[in-house]
Every structure is written in structure tokens, then in C-alpha cells.
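The values are calculated or read from the model by the stated rules, or taken from the named source; none is laboratory data. Every value quoted in this text rests on a predicted model; they were computed, and no experiment measured them. Backbone-built Cβ (ideal geometry, glycine too); neighbour counts: all protein chains shown. Surface accessibility is based on the protein's heavy atoms, side chains included, excluding ligands, DNA and RNA. Shrake-Rupley method; radii C 1.70, N 1.55, O 1.52, S 1.80 Å.
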Amino acid sequence: MKMVERIFLLFLSIVVTVVIAGKAPPPTFTETGKALAEKLCEKSEDKAFCVSSLTSRHEAETATAPKLGVIALSVASTNASDTSLYIKSKLKQKNLEPALEDTLDDCSKNYLDAVAQLDDSLAALLANAYIDVDIWLNTAISDGEACEDALSERAGNDAELARRNTNFLKLCKDALLINTILTP
């Protein structure tokens, strides 16, 4: 091997070592269950909602931080699926105002996408691919925001859908917050 190649390999190995050593490990928590949920939700825009959603599942009682991350995504995904079904049922109603029908059509597409993105987020979280979780969650949040825009900008508004959409956005943002905490 030539001297230049050896120096390059040495330099490369030093860079790789520094990058690997420079990564902080994910935080460790001694708490589990509700106490941990309260700690993870400290920076949520609605702490009570965050804690309530994270502890809504039986398995949350003894959950560790990664498990609460899974629960957060699962709750958000269930909410998105339920909201998608709600929109479909509204679209089946006869004599809808055209503006409301347009809004529901747009939101229906957004929620179908959001459900798929949350499923992808869950798969990424289970594979410890935190950056991918971040990408998919931000995309799902964009879908919720697009529905929110359609609801606020058009004459056709549905108060129940607006409430569901607000909750969906909170759930996704809380899941994103937890993913950020878990990211090494």
C-alpha cells in the first residue's frame, strides 16, 4: 500500500471513530408508565392531552420510553384511521353542500396518506430509524395541516372534523416530540 493510501485510511478511520464516539447515547429514564409519560410530555403544547393519550393503553402502565414512543404512534394512527372513516361516512350523506364536499374530499385524501405515513413511522421506529420516523411524522402533520387549511379557508366546515383534526395534530406532534427525545 502506498503511503498516501495509508494516510487516507488512517484519516478515514479517525473520522469514523470521532463521528461514532461523538454521538450522544439516547437518554435513559428510571421512570416507567405515567411518571415517564409526564416527563416525556413536559414540552408538549398540551401536556394533559399528551399524558392522557400516552396512558390510554393498558400496556402504558409499565412502559419504557421506547414503548411509549410506539404507543404514541399507535394512538395517532388509530385516530387517523377513525377520522378517515368519519370522513367517508360524511361523504356518503346525500345533499352535502358543494363546499363541504370539496373539503371532505381533500381531507379524505390527506387522511389516507397520513394513515400510511404513520404506519411507515411505526415500522421505522421499530427498526430504530429515528430520522425516518421524523420524516414520516412531519409528512403526516403536513397532511393534517392541509385538512385544517381546507376547513378554515372554505365555506364548508364540519365542527366534528375540525375537532378530530386538532386532536390528530396534537397526537402527531407529541409522537414527534417523543421521537426527538429518543433519537440518539
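Stick to Cα atoms and the Kirkwood definition of Rh, then tell me Rg/Rh for the chain. Spell out each step's value before the answer.
Details: Rg = 21.1 Å, Rh = 18.3 Å.
Rg/Rh for the chain comes to 1.16.
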*Cα-centre dipole for the stretch 73-182 with unit charges at Cβ (Lys and Arg positive, Asp and Glu negative), debye to 20*: 380
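Of the listed peptides 94-101, 42-49, what is their order by residue-averaged count of other C-beta atoms within 10 Å, with the highest listed first? Numbers along the way, then the final one.
Values: 94-101: 11.9, 42-49: 13.5.
So the peptides 94-101, 42-49, ranked by packing, come out 42-49, 94-101.
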*By a straight-distance test (C-alpha under 24 Å), which lysines pair with K109 as possible cross-link partners, with residues fewer than eight away in the same chain excluded?*
K88, K90, K92, K94, K170, K173
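Determine the per residue accessible area of the stretch 73-182 with all protein chains present and a 1.4 angstrom probe, expressed in square angstrom. Numbers along the way, then the final one.
Numbers: 5190 Å² over 110 residues.
With all protein chains present, the stretch 73-182 gives 47 Å² per residue.
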*Keeping the other protein chains in place, figure out the carbon and sulfur percent of the accessible area of the stretch 24-159, with a 1.4 Å probe.*
50
*Would you mind computing, in nm to one decimal, how far apart the modelled labels at D119 and D105 are, each placed 7 Å from Cα along Cα→Cβ?*
2.5
_Shape box of the stretch 73-182 [Cα atoms, principal axes, largest first, Å]_ = 48, 22, 16
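Using only DSSP helix segments of four residues or longer, with each worth -39500 (n - 2.57), what per-residue ellipticity at 222 nm results for the chain after dividing by its residue count and rounding to 500?
On the way: 7 runs with 140 residues, N = 184.
One gets -26000 deg cm²/dmol as the mean residue ellipticity at 222 nm.
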